[in-house]
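**Q** Here it is, the structure in full.
The values are calculated or read from the model by the stated rules, or taken from the named source; none is laboratory data. The structure presented is a predicted model; accordingly, all values stated were derived computationally and were not measured. For neighbour counting, all protein chains shown are included, and Cβ atoms are generated from backbone atoms with ideal geometry for every residue, glycine included.
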Amino acid sequence: MRIQSVGHAVFAVIMIALGVQGLFKGDFTAVWQPIPKGVFARDELVYICAMVSLLSGIGLLLRRAATYAARVLLASFLLWSLFFRLPNLVLAPKVESSWWSCGEAAVMMAAAWVLYVWFAGEWDTFRLPFAIGESGLRIARVLFALAMIPFGLAHFTYLRQTAGIVPNWLPWHTGWAFITGCAFLATSVAVLTGVYARLAVALSAVQMGLFALLVWGPIMLAPGPKSPLQWNETIVSCALTAGAWVVADSYRDTPWLGVKKLWPNRRSS
């Protein structure tokens, strides 16, 4: 086993679970959706994505396979975003779901990039030096910071819907919608400025985890059939929590209240 952190282990387990679900379901799991029905070789892509999730998740837990698993997973998320996320954003920039799906993909990509940096081998050092080390971590953190923007704005553009899913035992539902939306936006600012970035990313992971636990957990445990939307939101919340956890672990050498510039000043030679 080559476990770098608890977040690494949780993320790997989530990827394994997504792979198993995709194989049994015979359809794209939440992190790979939405994919139009008319896409070429769509049925084959379903099982390719499921196998990528399953094998990458297993590989991330094995010493000899971790490097290859991280490469494959990062490359898969990059290609998926390039071919299925960014085109939707370009063609429908006014549609909120286009931004939201790009944000979800960016969080998963950021986590995969952190893992790639951790497990980079000699081949990566010589051929892709910009993608590993501190520069690779900066790319991952920028992706995460950008993802927090549509997440935060969605709480305001869909204020009524967000307030509606706040647990009934909590008072001031609209207030919580505002607070959580502002928290995501504050995380983006913290990461991009390097001010309390570790604390901000860790709190965003906790916030996502609380969404899964307090919002979707009771819904999924309640008797009766569950809608595809409820299943997807629950799965996405768990996956995003694991992804944020990995990004938070990338700051483990930074003090919780430390200030570390994302782009440090370089002295001229």
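**Q** Look through ALA202, ALA186, ALA177 and report the one residue that is in a helix (DSSP H, G or I) and buried (at least 21 other Cβ atoms within 10 Å of the Cβ).
**A** Exactly one residue qualifies, and that residue is ALA177.
Conditions (1) crowded, with 19+ Cβ neighbours inside 10 Å; (2) in contact (Cβ under 8 Å) with a residue 24 or more places away in the chain; (3) in contact with a Gly (Cβ under 7 Å, 6 or more places away or on another chain); (4) not hydroxyl-bearing (Ser, Thr, Tyr), marked per residue:
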{"position": "TRP113", "(1), (2), (3), (4)": "yes, yes, yes, yes"}
{"position": "GLY121", "(1), (2), (3), (4)": "no, yes, no, yes"}
{"position": "ARG141", "(1), (2), (3), (4)": "yes, yes, no, yes"}
{"position": "ALA145", "(1), (2), (3), (4)": "yes, yes, no, yes"}
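**Q** Here's a follow-up. Which of the residues that make up region 3-43 are in a loop (DSSP other than H, G, I, E, B), touching a Phe, Trp or Tyr at 6+ places or on another chain (Cβ under 9 Å) and among the aliphatic types (A, V, I, L, M)?
**A** Listed by number, the residues that qualify are ILE35, VAL39.
**Q** Out of (1) in contact with a strand residue (DSSP E or B) (Cβ under 6 Å, 6 or more places away or on another chain); (2) surrounded by 20 or more Cβ atoms within 10 Å (Cβ to Cβ), the odd one out for VAL195 is which?
**A** In the conditions (1) in contact with a strand residue (DSSP E or B) (Cβ under 6 Å, 6 or more places away or on another chain); (2) surrounded by 20 or more Cβ atoms within 10 Å (Cβ to Cβ), VAL195 misses (2) alone.
**Q** Identify, please: which residue in region 1-26 is more than 18 Å from the chain's Cα centre (by Cα) and either among the aliphatic types (A, V, I, L, M) or more than 21 Å from MET109 (Cα to Cα) (or both) and is, among those, modelled with the lowest pLDDT?
**A** Top of the filtered list is MET1.
**Q** While we're here: Please report, ordered by residue number, the helices (runs of 4 or more DSSP H) entirely within region 44-131 with at least 1 residues that are touching a Leu at 6+ places or on another chain (Cβ under 9 Å) and under 22 Å from GLN33 (Cβ atoms).
**A** 66-80, 96-119
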